[in-house]
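Below is one structure, written out as structure tokens; comments come after it.
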Amino acid sequence: MRILVVNPNSTASMTKKIGECAADFASAGTEIKVVNPAEAPVSIEGYYDEAMCLSGLLGEIRKGEAQGYDGFVIACFDDTGLGACREVASGPVLGICEAGMHAASMISTGFSVVTTLPRSVPIIEDLALLYGMDRRCRKVRAADIPVLALEDANGNARELVRAEVLRAVEEDGSEAILLGCAGMADLTNWLTRETGVPVIDGVVAAVRMIEALVGAGLKTSKVGGYASPRSK
Ligand code: 5HY
């Protein structure tokens with residue numbers, strides 16, 4: 001099968017990182033292609049950036065649909081544009097937040113999310129409510145780092161994420177941690193070792209769930225809310 005992963009921001013180093021993490025876990029026989037729009041915010045931090053990335057994201061999904069991709073992943077923890085992408089695509093479309101929350105809810109009685117900036121916290125809290133995960137998501141935390149700090153190998157972003165993850169385990173009683181930014185994907189194994197609890201990267205969760213959905217012969221339902229856009 002062929003899965004298209006779209007990083008809706010335009011930071012190529014993050015796209016590369018996402019691709020490496022996705023490829024590490026994809027099954028044999030699954031082709032993963034990871035792209036980002038040329039025209040998009042360099043990072044998505046809040047509602048305005050979400051809105052500004054939509055046309056580029058939808059353009060990539062449309063291209064992937066025309067090229068016959070079996071499933072799609074939106075590699076941004078805001079799950080930005082998810083409903084619109086489902087209208088455009090035939091195959092299943094998952095955002096990394098929704099996929100990650102479901103994965104976390106299946107291996108723990110409660111989990112915390114650790115994201116980047118405080119401004120992303122209410123966005124993710126609303127997604128937990130939307131996905132019916134408000135009882136299982138104990139807290140959404142922010143390490144208080146800009147998204148692009150995760151691309152600076154000489155910075156201390158990973159240490160700040162680690163500290164917030166440890167606080168989540170200690171203070172929230174969370175039994176699993178969900179990383180609230182696609183740019184954290186490469187920290188997963190290290191943080192799992194450091195914390196002693198399962199740390200989940202939504203990119204990997206989404207890729208494996210798309211494999212399951214496509215493998216089960218499932219496509220996005222087109223009889224209602226995700227029907228193709230009406231021509232006008
Ligand atoms: C993401 N922003 O996954 C989101 C999450 C965040 O550019 N990629 C981004 O940190 O707000």
- Would you say residue 153 is at negative phi and surrounded by 16 or more Cβ atoms within 10 Å (Cβ to Cβ)? no
- Item | Subset tally (residues that are open to solvent by less than 60 Å² (accessible area, probe 1.4 Å), closer than 21 Å to residue 17 by Cβ and aliphatic (A, V, I, L, M)) for the range 115-150 | 8
- Query: In the range 191-227, what residues are over 25 Å from residue 15 (Cα atoms), of a type in the set (S, T, N, Q) and free of Cβ contacts under 8 Å to residues at least 12 places away in the same chain?
  - Reply: 221
- Message: With the structure loaded, tell me whether residue 27 is surrounded by fewer than 24 Cβ atoms within 10 Å (Cβ to Cβ), part of a loop (DSSP other than H, G, I, E, B) and within 11 Å of the ligand (Cβ to nearest atom) or whether it fails that test.
- Response: no
- Out of the range 93-119, which residues are in contact with a Cys (Cβ under 9 Å, 6 or more places away or on another chain) and among the aliphatic types (A, V, I, L, M)? 93, 96, 101, 104, 113, 114
- Message: Restricting to the range 84-111, give me the number of residues that are over 15 Å from the mean Cα position of the chain (by Cα), under 24 Å from residue 21 (Cα atoms), outside the structural domain of residue 32 (by TED's automatic domain parsing) and not aliphatic (A, V, I, L, M).
- Response: 3
- Task: Take the range 180-189 and flag every residue that is open to solvent by less than 40 Å² (accessible area, probe 1.4 Å) and either free of Cβ contacts under 8 Å to residues at least 24 places away in the same chain or assigned to a helix (DSSP H, G or I) (or both).
- Result: 182, 183, 184, 185, 187, 188
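Among the candidates 10, 112, single out the residue that is open to solvent by less than 10 Å² (accessible area, probe 1.4 Å), polar (S, T, N, Q) and touching a residue at least 12 places away in the same chain (Cβ under 8 Å).
The match here is 112.
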- Item | Selection count, the range 36-64, where residues are buried (at least 18 other Cβ atoms within 10 Å of the Cβ) and more than 13 Å from the ligand (Cβ to nearest atom) | 4
- In this structure, is residue 75 within 16 Å of residue 98 (Cβ to Cβ), open to solvent by 30 Å² or more (accessible area, probe 1.4 Å) and either among the acidic types (Asp, Glu) or in contact with a helix residue (DSSP H, G or I) (Cβ under 8 Å, 6 or more places away or on another chain) (or both)? no
- Which numbered condition trips up residue 174, out of (1) open to solvent by 30 Å² or more (accessible area, probe 1.4 Å); (2) more than 16 Å from the ligand (Cβ to nearest atom); (3) more than 17 Å from the chain's Cα centre (by Cα)? (1)
- Task: Evaluate the following for residue 66: is it more than 25 Å from residue 212 (Cβ to Cβ) and free of Cβ contacts under 8 Å to residues at least 60 places away in the same chain?
- Result: no
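Yes or no, residue by residue, for (1) among the charged types (D, E, K, R); (2) away from the ligand (no atom under 12 Å from the Cβ); (3) in contact with a Gly (Cβ under 6 Å, 6 or more places away or on another chain):
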| residue | (1), (2), (3) |
| --- | --- |
| 88 | no, yes, no |
| 95 | no, no, no |
| 102 | no, yes, no |
| 108 | no, yes, no |
| 114 | no, no, yes |
| 121 | no, no, no |
| 127 | no, no, no |
| 133 | no, yes, no |
| 137 | no, yes, no |
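The values are calculated or read from the model by the stated rules, or taken from the named source; none is laboratory data. These numbers were taken from a predicted model, which means no experiment stands behind them. Ideal geometry is used to build each Cβ from the backbone, glycine not excepted, and the neighbour counts take in all protein chains shown. The protein model used for the area step is the full one, side chains on, heavy atoms only, and it has no ligands, DNA or RNA in it. Shrake-Rupley method; radii C 1.70, N 1.55, O 1.52, S 1.80 Å.
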